[in-house]
1. Just for the stretch B:205-240: of the residues that are polar (S, T, N, Q) and modelled with pLDDT of 95 or more, which one is farthest from B:Cys264 (Cα to Cα)?
2. What are the residues in the stretch B:31-71 that are at pLDDT below 95 and acidic (Asp, Glu), if any?
3. Which condition from (1) within 24 Å of B:His213 (Cβ to Cβ); (2) within 13 Å of another protein chain (Cβ to nearest Cβ) is the one that A:Asn73 breaks?
4. Filter the stretch A:6-20 down to the residues that are within 21 Å of B:His42 (Cα to Cα), at the interface with chain B (Cβ under 9 Å from one of its Cβ atoms) and at pLDDT 90 or above and list them by number.
5. On the basis of being of a type in the set (S, T, N, Q) and within 16 Å of the chain's Cα centre (by Cα), does A:Asn73 make the cut?
6. I'd like to verify a number: residues in the stretch B:3-35 that are more than 8 Å from every other protein chain (Cβ to nearest Cβ), assigned to a loop (DSSP other than H, G, I, E, B) and either among the aromatic types (Phe, Trp, Tyr) or under 27 Å from B:Pro71 (Cβ atoms) (or both), how many?
7. Check the stretch A:196-204 and report whether any residue there is modelled with pLDDT under 95 and either within 14 Å of chain B (Cβ to nearest Cβ) or not in a loop (DSSP other than H, G, I, E, B) (or both).
8. Before we move on, is A:Arg49 in contact (Cβ under 8 Å) with a residue 12 or more places away in the chain, within 23 Å of the chain's Cα centre (by Cα) and more than 7 Å from every other protein chain (Cβ to nearest Cβ)?
Amino acid sequence: MNVYLDHNATTHARACAREAALKAIDLSGNASSVHDAGRRAKAVLDRARAQVANLADVGSREVVFTSGGTEANNLALKAFGAMPLLVSAIEHPSVLNVRKDATIIPVGPDGCLNLDALEQLLTGNEVPMLVSVMAANNETGVIQPIEDVVSLARKHGAMVHSDAVQAAGKIGSAWQQADLVTLSGHKLGGIQGAGALIVRKHISLKAVMGGGGQELGMRPGTEALPAIAAFGAAANEAVNDDLAGVASWRDALEHEMLAAAPDAVVLGRESERLANTLCIAHPRIDAETMVMSFDLAGVAVSAGSACSSGKMAASHVAVAMGHDGLARNAVRLSLGWSTTQEDCLRAAAVWKDIVTGFEERHRAA
Amino acid sequence: MTMDTANIKLPVYLDYHASTPVDPRVLEVMLPWFTEKFGNPHSSSHSFGREAAEAVEKARGQVADLIGADPREIIFTSGATESNNLAIKGAANFERHHRNKRRRIVTLVSEHKCVLESVRDVEREGFETVFLPVDQDGRVSMADLDRVVDDETLLVSIMAANNEIGVLQPLEEIGALTRERGVLFHTDAAQAVGKIPIDVEGANIDLLSISGHKLYGPKGVGVLFMRRRPRARIEPLFSGGGQERTIRSGTLAPPLVVGIGEACAIAGQELEEERGRLTALRHRFLERFNARVGGAVLNGSLENRLPGNISLRIEGVDALALIDLAPDLAFSTGSACTSDVVEPSHVLRAIGLEDGQAGSSIRLGLGRFTTADEVDFAVDHLAEAVGQSRRQAGAA
């Protein structure tokens with residue numbers, strides 16, 4: 001049995017999500033139709049909307065369903081025309097690449113947003129601005145100071161968008177204070193194909209797509225009922241997740257890995273991190289070799305984010321933290337709701353084998 | 001008239017244009033992807049991801065086969081609305097940023113809302129737009145098209161089959177004209193693919209939109225076909241991880257993608273037989289209904305029509321009242337999207353109907369699971385509802 005430690009890329013569907021998706025698939029109606037079949041589809045949609053609203057601690061009418069996190073991020077950032085935009089250097093590509101004219105807010109070596117830099121960028125600028133800072137980083141798991149970002153932004157009359165794709169269901173509540181929040185179903189244990197943009201009621205935004213006027217006019221297209229139902233169910237369950245086990249296994253795994261390779265670097269170790277994420281760089285083994293060796297040993301890990309992968313680019317997150325030399329060496333192990341302690345022990349053993357094997361060959365050469 | 005309704009599941013679903021049920025055979029291939037299989041198809045570094053990527057590629061081939069395309073020409077999206085937006089805005093944005101020569105975009109007044117809105121959006125960006133009329137059959141005039149398509153024209157977007165009245169447009173003729181003049185041809189084929197033969201080669205189609213849930217696949221997935229030779233160039237709508245050859249960023253949804261793939265494969269295998277069966281069922285409905293109810297007229301061309309579409313205007317009835325009077329039948333007045341807001345259909349107006357005539361029009365969509373018994377049941381209940389409605393109107 002293979003071990004899967006790539007839950008930040010995608011996590012498999014929870015039983016409740018699977019059940020919700022299957023029930024939704026059985027409904028043939030279009031949620032916008034006025035007949036009974038349409039009304040039943042609408043009821044499923046409404047229920048999921050309430051569940052997601054509860055996760056985000058907002059009202060149901062503040063939830064705009066999208067096809068996923070990427071679309072939600074694009075919608076949030078494109079909706080305000082040419083309004084000046086500040087984005088952190090460690091954002092997901094679906095935030096970082098949306099507007100070429102965005103100003104980058106740096107992060108420190110600890111992986112946390114540089115709040116002084118943000119304040120400088122906001123100060124003296126009297127036009128309304130949009131600030132986009134993720135709630136927790138997908139590669140390192142480092143939790144960002146969203147509470148401070150929000151209060152700085154408020155002080156300067158700026159709006160805040162937060163990509164909480166990785167954070168939702170794992171940490172509350174600071175990201176819930178943002179004006180716009182991105183969520184993804186499949187990262188919570190739903191299925192792929194549904195996400196949401198939370199649009200707080202004081203914000204009005206312009207749709208990226210034109211169409212039938214669904215989702216209060218902000219996102220047209222027939223709603224992806226099965227994926228949305230699964231998203232709702234997963235959101236409902238995720239709020240009650242107990243991550244204490246995951247946290248202790250991750251810490252033990254990290255401890256074992258560092259013991260086997262004392263000069264390896266855990267990115268963001270000194271910062272507050274998501275309990276499930278471990279990003280580690282071995283100074284002499286590149287990420288490509290590392291993930292292939294893990295794969296051959298039956299353990300699924302990744303080098304940075306999944307996206308278009310194929311070839312492994314240097315991690316922009318490691319570079320932003322000043323670890324340029326490690327940017328091609330960082331691998332990510334991410335635990336999920338279904339991870340067991342055995343999975344972590346196995347991963348630690350595999351790492352140990354890879355590292356010792358490498359050192360032995362190196363010494364022999 | 002009485003009949004044996006024991007085998008009929010109520011309400012009878014007659015709204016196959018709004019959405020189709022997922023075929024059980026499609027569901028079967030989707031199921032493993034809800035649990036034991038779950039990789040991110042873009043995670044190439046491990047077997048979970050590679051298995052998902054293989055499944056996605058298989059589906060890509062299945063979709064391509066149905067429309068005579070190359071798998072590399074298939075881009076997965078979240079649905080036809082996104083595909084239509086991507087095709088129209090993507091083509092306009094590419095032109096604006098890279099060539100900036102052709103300024104005109106041509107479409108029909110009877111297109112789906114998301115096409116009309118996309119065209120209006122690019123109009124605001126400075127493109128010249130032409131909304132061509134249709135005749136009372138619902139068809140475009142090739143002479144009109146000939147007049148507006150020239151070397152200033154960037155794109156012609158004309159749907160394959162209308163979502164309200166089921167009328168088919170002459171794709172081959174349009175494609176011959178656009179190809180000859182170096183103009184991109186986009187067609188919203190959400191209602192047509194899998195129902196009638198579509199061949200992107202034969203019709204010289206450059207961009208084509210497909211919806212999963214209109215052909216017995218799941219909601220939440222669609223396709224944009226993008227021709228490679230000559231290359232149809234468009235810009236993406238979303239930025240991000242660069243998936244789908246950089247045209248459509250975002251994690252693909254393997255359960256939904258394998259679903260639309262299988263749906264296309266099944267539709268292709270059964271298309272000819274099903275087309276004949278539905279045409280016969282439609283004939284049966286019209287014949288029996290007209291025998292029972294006077295003053296019912298089919299909207300749009302009968303000859304050039306989707307096999308499962310019936311759009312009827314029925315004298316002396318209000319369509320919305322009819323829906324309430326026939327609760328055992330699930331049908332609609334027109335397009336689903338905006339049915340919260342009741343306004344006269346832009347499609348029915350386009351074929352020359354007065355608001356009153358449009359208001360007495362209903363849309364029935366027959367599909368893969370519609371049986372002859374259900375058709376007879378529908379005739380019976382609808383005829384009764386019409387009688388009741390007319391009596392109420394008379395009494396008032």
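1. Within the stretch B:205-240, the first condition is being polar (S, T, N, Q), and the residues that meet it are B:209, B:211, B:239.
Next, from what is left, pick out any that are modelled with pLDDT of 95 or more: B:209, B:211.
On the way: B:Ser209: 13, B:Ser211: 10 Å.
Restricting to residues being polar (S, T, N, Q) and modelled with pLDDT of 95 or more, the top hit is B:Ser209.
2. Once the filter is applied, which keeps residues that are at pLDDT below 95 and acidic (Asp, Glu), the stretch B:31-71 yields B:Glu36, B:Glu51.
3. Failing condition for A:Asn73: (1).
4. A:Asp6, A:Ala9, A:Thr10, A:Thr11, A:Ala13
5. Details: of a type in the set (S, T, N, Q): yes; within 16 Å of the chain's Cα centre (by Cα): yes.
Yes, satisfied.
6. 2
7. Start the filter on the stretch A:196-204 by keeping residues that are modelled with pLDDT under 95, which leaves A:201-204.
Narrowing further to those that are either within 14 Å of chain B (Cβ to nearest Cβ) or not in a loop (DSSP other than H, G, I, E, B) (or both): none.
Checked the stretch A:196-204: no residue is modelled with pLDDT under 95 and either within 14 Å of chain B (Cβ to nearest Cβ) or not in a loop (DSSP other than H, G, I, E, B) (or both).
8. Details: in contact (Cβ under 8 Å) with a residue 12 or more places away in the chain: yes; within 23 Å of the chain's Cα centre (by Cα): yes; more than 7 Å from every other protein chain (Cβ to nearest Cβ): yes.
Here the answer is yes, as A:Arg49 does meet what is asked.
The values are calculated or read from the model by the stated rules, or taken from the named source; none is laboratory data. Note that the structure is predicted; figures quoted are calculated from it, not measured. All Cβ positions, glycine included, derive from the backbone under ideal geometry; neighbour counts span all protein chains shown.
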